[in-house]
Amino acid sequence: MKKIIAVDGPAGAGKSTVCKIVAAKLNYTYIDTGAMYRAVGWKFLQTGENFSEELLQKIVNKIEIKLDAQAKVFVDNVEVTKSIRTPEVSKLASDVSKFGFVRKKLTELQRKMAESGKVIMDGRDIGTQVLPNADLKIFLTASLEERARRRFEELKLKNPAVELEKIQQEIFLRDKQDSEREIAPLKQADDAIFIDTTDLNIEQVAEKILELACNGK
């Protein structure tokens with residue numbers, strides 16, 4: 001049985017949904033690192049101030065982020081699980097992730113969370129930077145069109161006015177920003193197993209990862 005599983009991939013690939021299923025099946029702890037960057041972005045938005053590196057540094061120095069066993073997210077003891085899933089927070093999460101001091105702080109927290117093992121962690125640089133010695137590394141992706149469609153289906157329940165084309169453009173720009181940033185860019189680890197989820201449902205992807213976790217390659 002693999003004790004530490006790292007799952008990377010772009011926005012909309014199905015990482016968080018799949019990881020929750022796998023974690024429940026294996027009785028593992030699921031760590032959503034993307035939620036941690038969203039938490040930093042959310043905290044900055046609460047200030048109402050224009051973006052500045054100086055203010056971001058002050059926020060990161062003081063912020064407390066916690067994830068519980070039910071994947072709920074808390075920032076300074078305030079639950080923000082739903083609040084961090086807005087397009088505005090998504091955009092800011094990508095922006096703040098470019099700063100080395102943000103990644104350093106969150107990477108330290110993530111590694112500490114994984115110390116006890118029996119963890120499945122997802123993000124964009126888990127297999128390459130955060131947990132390079134993970135027992136199993138997965139790289140999940142899907143076509144841009146399919147990822148946009150999934151995000152559209154998710155968001156339209158909250159906002160019927162949301163536009164598919166706009167979501168697709170936002171994901172395209174997020175991919176570009178995440179892949180081209182200088183610090184810990186989104187990329188597949190050399191020893192990661194590639195899974196294209198375009199034509200697979202969530203259950204099929206989860207089964208693939210469970211098989212790899214239990215039986216190896």
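So which pairs qualify, if the first residue must be in region 95-119 and under 11 Å from A184 (Cα atoms) and outside any helix (DSSP H, G or I), the second must be modelled with pLDDT of 90 or more and open to solvent by less than 40 Å² (accessible area, probe 1.4 Å), the Cβ gap must be under 7 Å, and the two must be at least 6 apart or on different chains?
Sorted first by the residue in region 95-119, then by its partner, the pairs are S97/Y37; S97/R103; F99/L56.
Inside region 17-49, can you point out the residues that are within 29 Å of I59 (Cα to Cα), touching a strand residue (DSSP E or B) at 6+ places or on another chain (Cβ under 7 Å) and of a type in the set (F, W, Y)?
Y30, W42
Filter region 197-217 down to the residues that are within 15 Å of F139 (Cβ to Cβ), touching a residue at least 40 places away in the same chain (Cβ under 8 Å) and loosely packed, with under 15 Cβ neighbours inside 10 Å and list them by number.
Residue satisfying the conditions is T198 alone.
For region 195-208, does any single residue satisfy the condition of being touching a Lys or Arg at 6+ places or on another chain (Cβ under 8 Å) and under 27 Å from T107 (Cα atoms)?
Checked against the condition, which is being touching a Lys or Arg at 6+ places or on another chain (Cβ under 8 Å) and under 27 Å from T107 (Cα atoms), region 195-208 yields at least one hit.
Mind telling me which of the residues L186, L140, L200 ends up being farther than 30 Å from N61 by Cβ, assigned to a loop (DSSP other than H, G, I, E, B) and either in contact with a Gly (Cβ under 9 Å, 6 or more places away or on another chain) or hydroxyl-bearing (S, T, Y) (or both)?
L200
If I filter region 24-69 down to residues being under 15 Å from the mean Cα position of the chain (by Cα) and among the small types (G, A, S), which single residue comes out as farthest from L106 (Cα to Cα)?
It comes out as G41.
Cβ-Cβ distance below 8 Å, separation of 6 or more or different chains: which pairs start in region 79-92 with a residue that is modelled with pLDDT of 85 or more and end on one that is of a type in the set (S, T, Y) and in a helix (DSSP H, G or I)?
V89/S83
Collect the residues in region 179-195 that are loosely packed, with under 15 Cβ neighbours inside 10 Å and either farther than 12 Å from I138 by Cβ or among the charged types (D, E, K, R) (or both), keeping them in residue-number order.
Selection gives S179, E180, E182, I183, D190, D191.
Of the residues E146, E88, which single one is in contact with a helix residue (DSSP H, G or I) (Cβ under 9 Å, 6 or more places away or on another chain) and either closer than 30 Å to K2 by Cβ or assigned to a helix (DSSP H, G or I) (or both)?
Of the residues listed, the single one that is in contact with a helix residue (DSSP H, G or I) (Cβ under 9 Å, 6 or more places away or on another chain) and either closer than 30 Å to K2 by Cβ or assigned to a helix (DSSP H, G or I) (or both) is E88.
Suppose we keep only residues that are out of contact with any helix residue (DSSP H, G or I) (no Cβ under 7 Å at 6 or more places or on another chain) and farther than 18 Å from V205 by Cα within region 130-143. Which one would you say is surrounded by the most Cβ atoms within 10 Å (Cβ to Cβ)?
The selected residue is D135.
Going by the structure shown, is E54 assigned to a helix (DSSP H, G or I) and modelled with pLDDT under 95?
For E54, the condition - assigned to a helix (DSSP H, G or I) and modelled with pLDDT under 95 - is not met.
Going through region 76-85 one residue at a time, which ones are open to solvent by 30 Å² or more (accessible area, probe 1.4 Å) and outside any loop (DSSP other than H, G, I, E, B)?
Once the filter is applied, which keeps residues that are open to solvent by 30 Å² or more (accessible area, probe 1.4 Å) and outside any loop (DSSP other than H, G, I, E, B), region 76-85 yields V78, E79, S83, R85.
Looking at (1) open to solvent by less than 80 Å² (accessible area, probe 1.4 Å); (2) closer than 18 Å to L92 by Cβ, which is the one condition that is false for K166?
(1)
In region 1-46, what residues are surrounded by fewer than 22 Cβ atoms within 10 Å (Cβ to Cβ), in a helix (DSSP H, G or I) and without any contact (Cβ under 8 Å) to a residue 40 or more places away in the chain?
A24
The values are calculated or read from the model by the stated rules, or taken from the named source; none is laboratory data. Predicted model, so just to flag it, every value in this text is computed and none were measured. When we count neighbours, we look across all protein chains shown, and the Cβ atoms used for this are built from the backbone with ideal geometry, even at glycine. When the accessible area is computed, the model is the full protein with side chains, heavy atoms only, and any ligands, DNA or RNA have been set aside. Shrake-Rupley method; radii C 1.70, N 1.55, O 1.52, S 1.80 Å.
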